[in-house]
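Any read-out appearing in this document is the output of simple, stated calculations on the displayed coordinates, not a laboratory observation. Quantities reported herein were computed from a predicted structural model and do not represent experimental measurements. FYI the Cβ positions are ideal-geometry reconstructions off the backbone, even for glycines, and counts take in every protein chain you see.
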Amino acid sequence: MSSRRGRITDEEINELISKLQALLPESSRRRAASRSSASKLLKETCGYIKSLHQEVDDLSDRLSELMSTLDDNSPQAEIIRSLLR
Amino acid sequence: MISIGAGSSSSSSSSSAGVRMGGAKRRGKPGGAAAAAGSAAAAGPAQTKWRSGTQERIYGRRLLDALRATRSGAPHPQPRPRAVKDAADSALALTARGQSRWSRAILLAGAATCRRRVLVKAGGKIRRHPRPQARAAAAAAKAAAAASAGEPPVLRERKVKDRLRVLGRLVPGCRKLQAPDLLEETADYVAALEMQVKAMRALADALAAAQLSSNRQQAAGDDEADMER
């Protein structure tokens, strides 16, 4: 699908941008679908990716804490492992 | 499952810095719906793929394996959050089966930290900072090409170009990508990140709940012991 298209048409760019718009969280989109200039959308996308990265970092902190206490309760570790398989 | 993951990671590491995995990019997804969505759908195959429960289950398993590996490496001190994040990212890239540029970039980065010396000896293919002259020449060539090739007007705006550059830095391995490819990679990356957050949160909640119940059990056991006395 991503073979070299030669010249990139206006249509294709708009298509890709609207595809991106569809991925962004609903709350920001509901206000005005018309206020979707390319640069605004790209800025929102960058912000969204940064917030997702931040969430992953926070969850990693949380998981590393939880995992350390997991070592002390080994029967729980077995149960969890078997549950999550 | 594990063998598929191993296969894709070994093939991507053998291609070292050259990230072009042949001309055809197969979109071999488990769901037939993804194939039907094709290239024209607005919602995009990215969402269909990552939001399916299958991918999350596969990722969950890979994540558990990766986390267990971090624990066996450093048994007693608690695993550093950085190690957990790297494990989660590598598991995500593996689940993507190296079909997207960002996933290959993550897998290569993981391999590179172990084998950077070997790769550098093999002809210095890893180049972190492009030489200034090369960068200026590339920028000039791109501007000339854009002016002559009738680039869509939206891409010629200064703001859009700047935002695209920032976006390229956020998505792994996409710093030098042109707009259409970059937008595609971004769509896939965003959907994958959403799934990653969802899965990690579910795992953290499950662990926390298990601990709460174990603490309650222990407390109940102590109470019983007290009462028996």
Sites residue A:37 and residue B:176, calculated FRET efficiency, Cβ-Cβ separation with R0 25 Å, nearest 0.05: 0.50
Full extension from residue B:161 to residue B:51: what is 0.36 nm times the residue separation minus their Cα-Cα distance, to one decimal in nm? 36.6 nm
How would you rank B:50-59, B:214-223, highest first, on the average number of other Cβ atoms within 10 Å across their residues? B:50-59, B:214-223
Could you check how many percent of all C-alpha pairs in region B:174-220 are farther apart than 18 Å? 57
Peptide-level mean, for B:214-227, of C-beta atoms on other protein chains within 10 Å: 1
Can you tell me the FRET efficiency between residue A:9 and residue B:169 if r is taken as the Cβ-Cβ distance and R0 is 22 Å, rounded to the nearest 0.05? 0.25
Per-residue Cβ counts within 10 Å, from other chains only, averaged over B:84-95: what number is that? 3
